[in-house]
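First up is the structure itself, then whatever we jot down about it.
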Amino acid sequence: MPPTPSGHPTPHAVDLTHVLAVAQQAGDLILAMQARGLQSIGSKSSAIDLVTEADIAAEKLIRSELARRYPAVGFWGEESNQPPDSEFFWVVDPIDGTINFANGLAYFAVNIALNRRDLTLLGVTLELPARRLFFVQRDRGAFRREADGHDVALQVNHTADLGRALLSSGFPYHRTEHEDNNLAEFAYFLARTQGVRSMGTAAMDLANVACGALAAYWEGWLQPWDAAAGALLVREAGGKVTDYQGADWTLTSRTLVASNGQPALHRALLDGIRDARRTLRATLLPTGDPT
């Protein structure tokens, strides 16, 4: 579907096929650069907050290709990190899971979302190197595209009991510098669930909640590009996404809990996070009891 003459997409007139193609182009570039051998691996906020030449090149490609179709739409990418002041803007993580990617661990993703202010209209997550596509449009459902081109509707699972739930989470880059680093929350749930995984890519954690492989995922200190696409995937697949206090997650939220939406499970997650965090002597995240 074409954009409006101004270059702004209307909420239900987004060329999803084009966005999927851009994600796949970026994926091809990333895998080709990895195969040739990475020449530059640097760091940003800390020694373990990595950036490679593939992150930068993929973001440039995505920006260029999206601007070609939607010249008036803003762009907010992880590597350039310049929040736009436009009503419509793309939110992009060229490689979510850069540490996995840089170390040759075959689990990372391209993440692209389209927002109208705080409202996410569209999301695309490309799992690499598997090249599995997850995509979503607001009010139109969430899907995974199979290798044969067949689209499968995503549906969260129905696990309601915390003890039977498989969860995932991740850790902030400051984890060696402050006790508010998710270790207390991780230990709490590890002792009370079927298991907790830390797989290194928020984009895929959220996709796995949406497709029912995980019952829930939580993490603090996420950035908009980490979660915009995945939060919409989970919601359109029947799940729930809030902050640690139970308010709806938005781009400005500093914490995230994504679940299958079962009320008892989501409440147990919020209560567990609260109880675990009460053991901390000092905190960096917002405090307050779940609503």
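So the values come out like this:
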read-out	value
Segments 159-169, 217-227, 125-135 sorted - mean Cβ within 10 Å per residue, highest first	217-227, 125-135, 159-169
Average Cα contact separation per residue, the chain, under 8 Å, 6 or more apart, as relative contact order %	14 percent
Inter-probe distance in nm under a simple model that places probes 7 Å from Cα toward Cβ, at Ala264 and Arg36	5.5 nm
Taking only Cα atoms of the chain, radius of gyration then Dmax in Å	18.3, 56
Cα long-axis angle, helix 224-236 against the chain (0 to 90 degrees, to the nearest 10)	80 degrees
Computed FRET value (nearest 0.05) for Arg197 with Thr17, which takes r as the C-beta separation and R₀ as 35 Å	0.60
Simple Cβ-charge dipole of the chain, Lys/Arg +1 and Asp/Glu -1, about Cα centre, in debye nearest 20	320 debye
Computed E for Ala67/His150 - FRET, C-beta separation, R0 22 angstrom, nearest 0.05	0.10
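A short reminder: the numbers here are calculations on the coordinates, not readings from a lab. The structure presented is a predicted model; accordingly, all values stated were derived computationally and were not measured. Using ideal geometry, Cβ is built from the backbone for each residue, glycine included, and neighbour counts are taken over all protein chains shown.
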